[in-house]
Amino acid sequence: MNIIVCYKLIPDSEDMVIKPDGSISLDQAEQVISEYDLLAVEAGLQLVEKNGGKLMALSVGTDKLLNSKSKKDILSRGPDELYLVTDASLANADTSQTAKTLVAAIKKMGDCDLVLFGEGSGDLYFQQVGLQVGELLGLPTFNAISKIDVADGKLTVERSLEDEIDVYSISLPAALAVTTDINVPRLPSMKEILKASKKPVVEWSLQDLTITGDGKPRVDVLAVRAPKSADRKRIKIEGSPEDVAQTLIGYLSKEGVL
Amino acid sequence: MAKEIWVFSEKPALLAELIANALQLAKADGASVAAVVVGNQQVIDQAFAQGAQKVYALGEKAADVLLDDFIPTIISLTKSKTPALIIIGATRQGKAVAGRLSAALDASTITDAKYFNQDSGGIEVTHLIFGGGAIRIEKANTATVVMTQGSSIVDALPPNASAKGEVESVPFVQPAWKATLVERKQKPPASVNLAVAKKIVCVGRGIAKKEDLSMAFDLAGILEGEVAATRPLTEGLDWLPRERYIGVSGATVKPDLYLSMGVSGQAQHTVGITDSRVIVAIDKDKEAPIFPQADYCIVGDLYQVVPALITALKARK
């Protein structure tokens, strides 16, 4: 079976700089693969290992995707091929723009049996792109998938909802977004890292694709800032463990929370 | 047609909160509030009791039918009526409804919206990004705006059992595809509901091994509180069930007392504890980001401090 796994390159939040006016800067942040997408890659890899076929990774974004380190990073995690769509206008794409671009790329990539997504991106965490892509492609589409098996050209999946786990039988092709606990992604081996730079990479611009619509965002971003932190007392308690315990109990009973 | 704000959730308690929020937003420009309901007369009556002025009744759902099978009906209804706003309960199924609906409407859902602020040009909302490390103020520019709202963002109104309103029956639109429900396994009932806990002892990676969790349970026992954890302990290490996880994709809590041991305080976790009344942090790293966010800061070895605290609390009883 041929599987496409979509991933997003995001700024590492550890490198986020909060400016004195409360605004944030990510200009210097390192670009990393969104953590939740790694579970979708692993899920795709396990399916291909078991059932044959190939795993293709796909991402859309700015030319930061073309950085050789990023390309090597995703390919060392198992995909056989990499497809990248880049354009400066995708820097702040909303979920609708991202989904439409992915749909156009998936159509151009040809036959595929399954499109996989992570639960949501590590930066914006809308948890929407996989669902939108599936709907636009007219495919059976589900989120919250915590287990995937394939047999006789059908998928059997577990969907982890708030109070229950549903088991569905779904026809292929389909689009699925996986949970944050579906698997534990393996670390790239030295062999995979060496192999990564030899794998095929296809690079497209927006002009290479047929994208529907006006290309404009549906959600406008009015402001981005650091959250205001509540004023906390920040009282340091020091001393021997016994003294610390007594002092803390004193404070907490005064607060009326014991 | 007068402007309408719609609400949809398969969870009755959440639906009541969505209605309360929609009524608040509708006040500003004379819109009316309609609930889109999959369910029987009782569910419809409940929507009216909580304040809905109209109900679009999609019918009852048979046990082997998926809520997702109603999405084409919701899409078709939304396209024909063009409500100004549809607020969907932010459950996993709710997010599936929102995503597929917004794709069909050529819109983009704002998920987990908070702090709804209405002005003449539409509704601004706050949406956490980077796992709570930053917030964005967003405004959708589509004819129908789609948002999802989680629990405890707005309080439900007291129900008025005698309230009634117009019911419009909506014919079912056959979906182009269906999944077959093979089995439905109830998750074991949650052993803990952190959202309502008054006291919480939270453990993080500073705990060296699973056996040491007993210390946290001992402390929580004396405090008559619950044990919670950061994500690595519930996903990855699997030392505790996921329902005990506080953070961006887990629980949000507002206890009187939150006491952490060995929690470093990454934004992905602390986004879930900001509404706690009193925060106590115990960690050996004096640079840990939890300390600036705490009321009482104990830099020390939790393996010494926590047993001493347990002994002192026991002695007090």
Just for the stretch A:16-52: of the residues that are in contact with a helix residue (DSSP H, G or I) (Cβ under 8 Å, 6 or more places away or on another chain) and either part of a loop (DSSP other than H, G, I, E, B) or aromatic (Phe, Trp, Tyr) (or both), which one is surrounded by the fewest Cβ atoms within 10 Å (Cβ to Cβ)?
-> A:GLN28
Look at B:VAL248 and say whether it is under 27 Å from A:ASP123 (Cα atoms) and crowded, with 17+ Cβ neighbours inside 10 Å.
-> yes
Those residues of the stretch B:197-236 that are farther than 15 Å from B:VAL263 by Cα, within 22 Å of the chain's Cα centre (by Cα) and crowded, with 16+ Cβ neighbours inside 10 Å come to a total of 5
Which condition breaks for A:THR141 when tested against (1) β-branched (Val, Ile, Thr); (2) facing another protein chain (nearest Cβ under 7 Å); (3) surrounded by fewer than 24 Cβ atoms within 10 Å (Cβ to Cβ)?
-> (3)
Mind listing whichever residues of the stretch B:77-99 are facing another protein chain (nearest Cβ under 10 Å) and without any contact (Cβ under 8 Å) to a residue 12 or more places away in the chain?
-> B:ARG92, B:GLY99
Out of the stretch B:121-130, which residues are more than 13 Å from A:ALA226 (Cβ to Cβ) and either of a type in the set (Phe, Trp, Tyr) or within 17 Å of the chain's Cα centre (by Cα) (or both)?
-> B:VAL125, B:HIS127
Kindly state which helices (runs of 4 or more DSSP H) lie completely within the stretch B:197-307 and contain at least 1 residues that are free of Cβ contacts under 8 Å to residues at least 60 places away in the same chain and more than 10 Å from chain A (Cβ to nearest Cβ).
-> B:213-223, B:231-234
Among the candidates A:ASP220, A:ASP181, single out the residue that is within 23 Å of the chain's Cα centre (by Cα), within 10 Å of another protein chain (Cβ to nearest Cβ), acidic (Asp, Glu) and under 30 Å from B:PHE291 (Cα atoms).
-> A:ASP181
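Every number in this text was worked out from the coordinates using simple rules, so none of it is lab data. Predicted model, so just to flag it, every value in this text is computed and none were measured. Reconstructed Cβ throughout: ideal geometry from the backbone, glycine too, with neighbour counts over all protein chains shown.
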